[in-house]
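Before any comments, here is the structure.
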Amino acid sequence: MVAAAVMQSVPGAMPVALAADEGGPVYPEDKDVGGGARDAPWSTTIASEDEPGERLTLTGTVYGRADGKPRAGVTVYVYHTGANGLYRKKPWGRPRLRGWARTNAEGAYEFHTIRPGPYPMRRNPAHVHMTIAIPGQVEWWIPELRFRGDPLLSSEETEREAQQGTFASIQPLERQPDGTLRCVRNIRLPQGW
């Protein structure tokens, strides 16, 4: 079930009605977030082998909203904290753990990284920020990915999100035979894309 639409706008543009699962536009001050990824591979390694934390593969497929078909050529940008809950070693600058992937012919994307930690004050669950971009469209924030079973998530949030299936912003972490974690988060493009 999609929650009631809310109004968002981009400076200089008409307001856009958004469903709760659509996120919102990336504003001009964020414009460099995904701009450097026009030729990114579909599978990207974010965290080096010596990065502390549990290994995580974040994967999924991007689908068109109207036709439900996988979409090739969509840039997916992600960033998240380290296992310690911090974005960077210094108190300024861009997050250390970030990367771009461009969906392949089957609409798939994949990131090899680590499981992020919750913020040090432990008020927010561990999460991964995500944007999507298609040439000729405004780059779009989508709801951050959170992980089912996180003690900082309420049961109400988890139940509400579960209704969206693999498009939900709360997804399970699956332990793989090699001990790594895997999370699948499919993405529906915003209306009109």
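The values are calculated or read from the model by the stated rules, or taken from the named source; none is laboratory data. Keep in mind it's a predicted model, so treat the numbers as computed, not measured. So basically every Cβ, Gly included, is an ideal-geometry build from the backbone, and we count neighbours across all protein chains shown.
Structure values in brief
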{"item": "Odd one out for G82 among (1) out of contact with any Lys or Arg (no Cβ under 8 Å at 6 or more places or on another chain); (2) in a loop (DSSP other than H, G, I, E, B); (3) buried (at least 17 other Cβ atoms within 10 Å of the Cβ)", "result": "(1)"}
{"item": "Residue count, region 116-146 (criterion: within 22 Å of R175 (Cα to Cα) and surrounded by 21 or more Cβ atoms within 10 Å (Cβ to Cβ))", "result": "6"}
{"item": "Check on P116, within 16 Å of C183 (Cα to Cα) and part of a loop (DSSP other than H, G, I, E, B)", "result": "yes"}
{"item": "Residue check for A40: under 16 Å from E139 (Cα atoms) and modelled with pLDDT of 65 or more", "result": "yes"}
{"item": "R88 being at pLDDT below 85, over 18 Å from R185 (Cβ atoms) and surrounded by 11 or more Cβ atoms within 10 Å (Cβ to Cβ)", "result": "no"}
{"item": "Pair list, Cβ < 7 Å and 6+ apart or interchain, from region 103-125 residues that are closer than 12 Å to T81 by Cβ to residues that are among the acidic types (D, E)", "result": "I114/E51; I114/E54; R115/E54; P125/D150"}
{"item": "Pairs with Cβ under 8 Å, 6+ apart, first in region 148-177 and part of a strand (DSSP E or B) and among the acidic types (D, E), second modelled with pLDDT under 95 and surrounded by 10 or more Cβ atoms within 10 Å (Cβ to Cβ)", "result": "none"}
{"item": "Residue within region 135-147 that is out of contact with any strand residue (DSSP E or B) (no Cβ under 9 Å at 6 or more places or on another chain), polar (S, T, N, Q) and touching a residue at least 12 places away in the same chain (Cβ under 8 Å) present", "result": "yes"}
{"item": "Number of the condition not met by E159 [criteria: (1) closer than 22 Å to F111 by Cα; (2) surrounded by fewer than 16 Cβ atoms within 10 Å (Cβ to Cβ); (3) among the charged types (D, E, K, R)]", "result": "(1)"}
{"item": "Yes/no for P177 being touching a Lys or Arg at 6+ places or on another chain (Cβ under 9 Å) and not hydroxyl-bearing (S, T, Y)", "result": "no"}
{"item": "Filtered residue count, region 163-193, keeping only those that are under 17 Å from the mean Cα position of the chain (by Cα) and small (G, A, S)", "result": "3"}
